[in-house]
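So the structure is just underneath, and the comments pick up after that.
The values are calculated or read from the model by the stated rules, or taken from the named source; none is laboratory data. If you're wondering where the values come from, they're calculated on a predicted model, not measured in any experiment. Backbone-built Cβ (ideal geometry, glycine too); neighbour counts: all protein chains shown.
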Amino acid sequence: MRDVTQPDLALLAFAREAKPNAYAPYSDFRVGAAVYASSGDIFQGVNVENAAYGSSLCAERGALMAAVAAGCTDIDAVALAGDSETPTVPCGACRQALAEFNPQMRVIMGGRTDEVLVTTLDSLLPDAFVRGYLDQDEGAGAAE
């Protein structure tokens, strides 16, 4: 884990600000997220549940989609804050989605308490499946 910086806490505050807007009638577990783009823009997202559970969307991917919709695809950091006592970590699907835009991005995690964890995405998702695997020469395997 890494040291928590003032910019980390500021981005986490945006995630916490968004959290009350989450739509979580099934789990009652609200999550807010914020991504920081290299442009300096911050985009927020919340988890949105659905009766068809597979149609639900996590807060991190919601914030990421807002950034992409605004034309920002160079992401430096993501922060998330959930309803857990300990810092909420991103699920595997969110880790993979975030890796598309920067496998080394900073990840700031918070919960209901003041405890904050900071790490990098590549430490949470080592050897992520990223664009480079698809850009291989024909016949060459990703493991080569």
Could we say that F101 is touching a helix residue (DSSP H, G or I) at 6+ places or on another chain (Cβ under 9 Å), loosely packed, with under 14 Cβ neighbours inside 10 Å and either assigned to a loop (DSSP other than H, G, I, E, B) or of a type outside the set (S, T, Y) (or both) here? no
Can we say V4 is in contact (Cβ under 8 Å) with a residue 24 or more places away in the chain and either hydroxyl-bearing (S, T, Y) or over 19 Å from D114 (Cβ atoms) (or both)? no
Looking at R106, R95, R30, R61, can you tell me which residue is among the basic types (K, R) and out of contact with any helix residue (DSSP H, G or I) (no Cβ under 6 Å at 6 or more places or on another chain)? R106
Taking the stretch 31-64 on its own, how many of its residues are crowded, with 20+ Cβ neighbours inside 10 Å and either more than 17 Å from the chain's Cα centre (by Cα) or assigned to a loop (DSSP other than H, G, I, E, B) (or both)? 2
Please work out which residue is surrounded by the most Cβ atoms within 10 Å (Cβ to Cβ), limiting yourself to the stretch 116-139 and to residues that are part of a helix (DSSP H, G or I) and modelled with pLDDT of 95 or more. L121
Can you tell which of V78, V89 is touching a strand residue (DSSP E or B) at 6+ places or on another chain (Cβ under 9 Å) and assigned to a strand (DSSP E or B)? V78
Would you mention how many residues in the stretch 65-119 are under 9 Å from the mean Cα position of the chain (by Cα) and closer than 15 Å to D41 by Cα? 3
Qualifying position, being modelled with pLDDT of 95 or more, touching a Leu at 6+ places or on another chain (Cβ under 8 Å) and either on the phi > 0 side of the Ramachandran plot or not charged (D, E, K, R) (or both), among A37, A15, A63: A15
Do any residues in the stretch 81-104 that are within 23 Å of A128 (Cα to Cα) have Cβ atoms under 8 Å from those of residues that are among the aromatic types (F, W, Y) and at pLDDT below 95, where the two are at least six apart or on different chains, and which pairs are they? Q96/F129; A99/F129
Given the conditions (1) in contact (Cβ under 8 Å) with a residue 24 or more places away in the chain; (2) within 23 Å of T5 (Cβ to Cβ); (3) in contact with a Ser or Thr (Cβ under 7 Å, 6 or more places away or on another chain), every one holds for E49 apart from (2)
